[in-house]
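Below is one structure, written out as structure tokens; the observations come after it.
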Amino acid sequence: MVHKPRRSILVVLLVVVLGACAVVGSTFFGRVGPQPDGTGVTPNHWLLTPAGLQVEVGDRPLGMATTPDGRYLLISNNGQGEQSLVLFDTMTQKVVQTIPYSSPEALFLGIVITPDSRRVYASAGGNNKIRVYDFDGRAMAEGAPIVLGDAKARIYPAGLAISPDGAVLYAALNLDNAIVFIDTAAGQVRSRVRLAPAARVEDIGPLPYALVQAGEKLYVSEWNGGGVSVIDIGQQRLLRRIPTGGHASGLALSPNRNRLYVANATSDTVSVVDTSTGADGIDAERPCSGAGWQHVVRRQRRQ
């Protein structure tokens, strides 16, 4: 039976909004997060008036994924203090499990759950591994991780995606400037698609961040490149690069998967990519602010 929450929920510091609406120079020095008047302040000092309930889940929630039945929301908290993986019940609107990580153990952005809801994967950032959890429908239990390389290597797994059959896990390696295909049964990297040489001081490269799958393609946001890389899954090769706005970060697909929305952090825009054609062209690019977006979230600069 599919359970759907009756009320819309805005998790504090929603990832896509944060990625798209970067602002500098604000004079606000108060506490970020929920405010007494029901609004919320992001770390870059935008004031959000949410459409639904705000729930505090942890420090800097960057990655989120829902279980296939919609009952639970999985959240990766990636703040400067204690980091954590959180299980949030969308029916009761409460956190039901928190798995904490103290330095040097870490998390970063990527989190997915298999189509059968039995396993969860979460990127561990600077630990150069992907954490693996068994999920029984009520709680997560961490098992042996998928190790991607030496702890001191430039790897840094970020965004994750998983194939519809759960057999292949796709991971964006931020500092390695590559995407890896991981055999989930074996827990090993099967192949690699390189976007650029590994990051160096003189040339850090595109820095792949988030990724989503649409049909036989992977779309990867470029933190440093200002675009989206398109990868052919079957051929396991880079097809093209789509220029977007600066600091492409969060990605979201429309329900029919024909539109890809790209949050461009430094240019404060959202690019809309048409994924239904082979060309993968930019369908539109809209500013984060303005009347056209007021039905989603009303924002103003906090002074």
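Readers should treat all values here as calculations from the given coordinates under stated rules, not as data from a laboratory. Keep in mind the model is a prediction, meaning the values are calculated, not measured. Ideal geometry is used to build each Cβ from the backbone, glycine not excepted, and the neighbour counts take in all protein chains shown.
Placing dummy labels 7 Å off each Cα toward the beta-carbon, the span from Asn258 to Gln93 is 3.4 nm. In terms of packing, defined here as the mean over residues of other Cβ atoms within 10 angstrom, the peptides 79-90, 135-146 line up highest first as 79-90, 135-146. Computed over segment 104-221, the quotient of the alpha carbon radius of gyration and 2.2 N^0.38 Å is 1.02. Computed with the Debye formula from one identical point scatterer per Cα of segment 31-114, without solvent, the log10 of I(q)/I(0) at q = 0.19 Å⁻¹ comes to -0.92. Annotation: extensible slack from Gln235 through Ala167 equals 22.8 nm (criterion: 0.36 nm per residue apart, minus Cα-Cα distance).
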